[in-house]
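The values are calculated or read from the model by the stated rules, or taken from the named source; none is laboratory data. Given the structure is predicted, the values throughout are model-derived calculations rather than measurements. All Cβ positions, even for glycine, are placed from backbone atoms using ideal geometry, and neighbour counts span all protein chains on display.
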Amino acid sequence: MMTFDYAASAELFIPTKRRPGARQPVTYRRFATAAEAIRFAVEDFPAIRTLGAWMRVGDERFNSDDIQRLYESNSYPRRRRVRKSR
């Protein structure tokens, strides 16, 4: 298993809409740390999985499933948002 550097800077790319056959505009955000990018992607932008977002940290690229796994990892350094039960 690889060690992930949550303190490294990260870039998050989020396609804005899915249109078959059309080129998708992409929203780009840069974060001081990968931990911040992961928190934003999972907590503030829940549609990230359906839109096919990805994150780049150094030369590595992480898809939306990878982002979710990094968030759920025991190594994730930030406090996770508590989900309200219905």
**Prompt:** Pick from ALA41, ALA35, ALA22: which is assigned to a helix (DSSP H, G or I), at pLDDT below 95 and small (Gly, Ala, Ser)?
**Reply:** ALA41
**Message:** Taking the conditions exactly as written (among the β-branched types (Val, Ile, Thr) and either modelled with pLDDT of 85 or more or out of contact with any strand residue (DSSP E or B) (no Cβ under 7 Å at 6 or more places or on another chain) (or both)), does THR3 satisfy them or not?
**Reply:** yes
**Fill in**
Restricted to segment 6-19 and to residues being assigned to a loop (DSSP other than H, G, I, E, B) and at pLDDT 95 or above, the residue surrounded by the most Cβ atoms within 10 Å (Cβ to Cβ) is TYR6
**Message:** So, VAL26, is that one farther than 16 Å from ALA7 by Cα, without any contact (Cβ under 8 Å) to a residue 40 or more places away in the chain, among the β-branched types (Val, Ile, Thr) and touching a helix residue (DSSP H, G or I) at 6+ places or on another chain (Cβ under 6 Å) or not?
**Reply:** no
